[in-house]
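Report on the structure given below.
The values are calculated or read from the model by the stated rules, or taken from the named source; none is laboratory data. A quick note: this is a predicted structure, and the numbers were derived from the prediction, not measured. Note that we place each Cβ from the backbone using ideal geometry, even for glycine, and neighbour counts take in every protein chain shown.
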Amino acid sequence: MLKVLIADDDSLTLAVMNAFFVQKNFTVKSASDGSEAIQILATDSYDLVISDVNMTPMDGITLLKTLRDGGNNIPFIIITGHPNMDDYIGTVQKLGAFEYIQKPVELDALYMMIKRLTGRNDI
């Protein structure tokens, strides 16, 4: 069973993604921002992080940088509602984000991305 941490300050996005992944038999934990995600990751291990870019007080890029600076190389997917992802691509790739996807998130495409990232076809 895959353990996924989703960080997003949009409660509707969290609810929809949570329901989708629970249906896929994932174990899912939600965080409302990057600092809450850091606290969760300090107490439990996960197979993957999915994080929005724009959150307060800690955004997704700061979350990714904090994890990488701490030596945590967990697979990381950035999601954003920003219409021009080009502003973020270089930064998130340098920090080691594995993938990015724009909102509204196409859940089946995200699911396929997760299968590819984790190398798990059994999920």
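Quick grid of which residues meet (1) modelled with pLDDT of 90 or more; (2) surrounded by fewer than 18 Cβ atoms within 10 Å (Cβ to Cβ); (3) aromatic (Phe, Trp, Tyr):
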| position | (1), (2), (3) |
| --- | --- |
| ILE38 | yes, no, no |
| ASN73 | yes, yes, no |
| LYS94 | no, yes, no |
| ALA97 | no, no, no |
| ILE101 | no, yes, no |
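Within the stretch 106-123, can you find the residues that are under 21 Å from TYR46 (Cα atoms) and either assigned to a loop (DSSP other than H, G, I, E, B) or basic (Lys, Arg) (or both)? Explain how you work it out, then say what you get.
At the first step, the residues of the stretch 106-123 found to be under 21 Å from TYR46 (Cα atoms) are 107-123.
Within the stretch 106-123, LYS115, ARG116, GLY119, ARG120, ASN121, ASP122, ILE123 qualify.
Please work out if LYS24 is out of contact with any Lys or Arg (no Cβ under 6 Å at 6 or more places or on another chain) and under 10 Å from LEU5 (Cβ atoms).
Working: out of contact with any Lys or Arg (no Cβ under 6 Å at 6 or more places or on another chain): yes; under 10 Å from LEU5 (Cβ atoms): no.
For LYS24, the condition - out of contact with any Lys or Arg (no Cβ under 6 Å at 6 or more places or on another chain) and under 10 Å from LEU5 (Cβ atoms) - is not met.
If I ask for residues that are buried (at least 16 other Cβ atoms within 10 Å of the Cβ), among the polar types (S, T, N, Q) and within 27 Å of ASN121 (Cβ to Cβ), which ones from the stretch 11-36 would you list?
THR13, ASN18, SER30
Going through the stretch 44-65 one residue at a time, which ones are surrounded by fewer than 23 Cβ atoms within 10 Å (Cβ to Cβ), within 24 Å of THR118 (Cα to Cα) and either touching a Phe, Trp or Tyr at 6+ places or on another chain (Cβ under 6 Å) or hydroxyl-bearing (Ser, Thr, Tyr) (or both)?
Within the stretch 44-65, SER45, TYR46, THR62 meet the criteria.
Six or more apart or on different chains, Cβ under 8 Å: which pairs go from a residue in the stretch 102-113 that's closer than 17 Å to ASN25 by Cβ to one that's surrounded by 11 or more Cβ atoms within 10 Å (Cβ to Cβ) and aromatic (Phe, Trp, Tyr)? Could you list them?
The qualifying pairs are LEU107/PHE20; TYR111/PHE20.
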